[in-house]
Every structure is written in C-alpha cells, then in structure tokens.
Amino acid sequence: MSKVALVTGGVRGIGLAIVDRLKADGFKVAAGYAGNEAAAKACAETHGVMIVRGNVGDFDDAARAVREVEAELGPVDVLVNNAGITRDAMLHKMTKEQWNEVIYVNLASIFNMSRQVIEGMRERGYGRIINISSINGQKGQMGQTNYSAAKAGVIGFTKALAQEVANKGITVNAVAPGYIDTEMMAAVPPNVLEKIVATIPVGRLGQGHEIAACVAFLAREDASFITGATVTVNGGQYILG
C-alpha cells in the first residue's frame, strides 16, 4: 500500500518539486499551502495531488490540516516541513512583527506540524520527518537575523527529535539548500544575482529537483540508518568541516 506524504508549502518552488518527486516515487501526496489559491489549484490539477490549506504557524490550524489529510489519504508516514517566508531587514530596523512572522512560520511550524504526526508514527513504528533548513541557517546572512535564527533552530530541533525517536523506527533529518532557482530568486536584480552566482563554486543556482532528490532519498525505507543529519545542497558555497 502506498505511503502518505505531507509537504508543507508544497504548491510552489522547492515544495512543488518535492511534491512532484514523491508522487513519482509512488507516495500518496498532500501539498499544504497558506493562501495562494491559484497556485494550489494548478498544483492539484497538474500534479493530481491533494491540497490542504492551513497556517502552519498556528498549532490548532496545523492540527486541523493534518486531520483532513489523514481522513482522505490515511496516516502520514512522511512529513516534509518546507513552508517558509522571509521578512528581511537589518536588525536595527526590524519590527517585532517581522521577527515574529518568520519565527512562527519557519520555526514554530516545525513543532506545530511534527507534533500532529509524531504519536501516530511512534505507535506504528515508522516515520520520516524531513525539515527544510537553509544555508543561511548554517552561516548566517546579513539582513536575515530572523530567518537565520529560525533556520538554525530547525537544525537543532532535528538533532534533538532524532534522538528521541531513533528507537521507534522514525528518522528525522534536515536538508539545507543554498540558492535555488525559484520565483524568489527570479525577483533578484540581475546584477545582484550575478554576484551571488559568482560565490557558488559550481557556477550556477541550484534546481528544485536537486533538493527534491535529497528529500526523496531520506524518505525511503532503506534510509533508516540516517537520522539527525543535515544534508547541505549548496553547490559548494558553504562547506562544513
């Protein structure tokens, strides 16, 4: 029987690439989204997956969204916490709202969503939780104290939960993308984009399908000895020793 995968922020960009890959790999997939109805409709029609609207930064709404997915597809076997936003500003100009929005959506959401599925995974003795972090959660980025803090927190959460559930057949891993060719990057001025690419040893932006390939590998049953890991996918832009 096909396993069930839920991908938050799954109707555009990296999330959509992950949805597409997991569906191709035989999963029954639900794509979460916050409010872009046009993108959600296109995802459902083009990719043939369930879509579920919800605010991952709100615990109760996260619970409701997971209940909807499980009612339609069955218990969630693979959770991909991909949803994220940016509200960039230098710290001396950053508002409380800009800080809180990013922390709630990018970090609190990891708890909100994982908490909904972890008990079921423990009971069934199987599960995969894959959290999308960022190169900027590893090295920091000027103008992104909120984003960098949240994405670094994702890595800490991953390491801690991995230890809690390792003996329950559940793996918890993170993927830390570098600069990926998405709609967000398309909005970057060409002269700025050129400078970014110049710092990437492979000489180009990453592609969504390359992140999706890492997620798909970690979601496999035979990736059971990999847990608590952070897989960096950044073209050599930032290499950890």
Report the residue count in region 24-48 for those that are buried (at least 24 other Cβ atoms within 10 Å of the Cβ) and aliphatic (A, V, I, L, M). 3
Wholly inside region 5-98, strands (runs of 3 or more DSSP E) that include 1 or more residues that are under 17 Å from the mean Cα position of the chain (by Cα), closer than 26 Å to Ser224 by Cα and among the hydrophobic types (A, V, I, L, M, F, W, C) are 28-33, 78-81
So which pairs qualify, if the first residue must be in region 220-235 and closer than 19 Å to Gly153 by Cβ and touching a residue at least 12 places away in the same chain (Cβ under 8 Å), the second must be basic (Lys, Arg) and assigned to a helix (DSSP H, G or I), the Cβ gap must be under 9 Å, and the two must be at least 6 apart or on different chains? Gly228/Lys159; Ala229/Lys159; Thr230/Lys159
Scope region 216-240; condition within 19 Å of Ser134 (Cβ to Cβ) and of a type outside the set (A, V, I, L, M, F, W, C); matching residues: Gly228, Thr230, Thr232, Asn234, Gly235, Gly236, Gln237, Tyr238
If the requirement is being modelled with pLDDT of 95 or more and more than 23 Å from Pro177 (Cβ to Cβ), which of these qualifies: Met113, Met50? Met50
When (1) in contact with a Pro (Cβ under 6 Å, 6 or more places away or on another chain); (2) at pLDDT below 95 are applied to Pro190, the one that fails is (1)
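This table checks each residue for (1) touching a helix residue (DSSP H, G or I) at 6+ places or on another chain (Cβ under 7 Å); (2) aliphatic (A, V, I, L, M).
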{"site": "Leu6", "(1), (2)": "yes, yes"}
{"site": "Lys28", "(1), (2)": "no, no"}
{"site": "Ile51", "(1), (2)": "yes, yes"}
{"site": "Leu73", "(1), (2)": "no, yes"}
Every pair of residues 6+ apart whose Cβ atoms lie under 9 Å, when the first sits in region 1-23 and is on the phi > 0 side of the Ramachandran plot and crowded, with 23+ Cβ neighbours inside 10 Å while the second is of a type outside the set (A, V, I, L, M) and assigned to a strand (DSSP E or B): Gly9/Gly32; Gly9/Tyr33; Gly9/Asn81
Quick check on region 147-166. Is at least one of its residues over 30 Å from Arg124 (Cβ atoms), at pLDDT below 95 and of a type in the set (S, T, N, Q)? no
Members of region 99-155 that are under 22 Å from Ser224 (Cβ atoms) and of a type in the set (Ser, Thr, Tyr): Ser114, Tyr126, Ser133
Could you check, for region 166-180, whether at least one of its residues is aromatic (Phe, Trp, Tyr) and within 27 Å of Trp99 (Cα to Cα)? yes
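Mind checking whether some residue in region 191-201 is without any contact (Cβ under 8 Å) to a residue 60 or more places away in the chain, of a type in the set (D, E, K, R) and over 26 Å from Lys96 (Cβ atoms)?
yes
The values are calculated or read from the model by the stated rules, or taken from the named source; none is laboratory data. Fair warning: this is a prediction, and the values are worked out from it, not measured in the lab. A quick note on method: Cβ atoms are made from the backbone with ideal geometry, for glycine too, and the neighbour counts reach across all protein chains shown.
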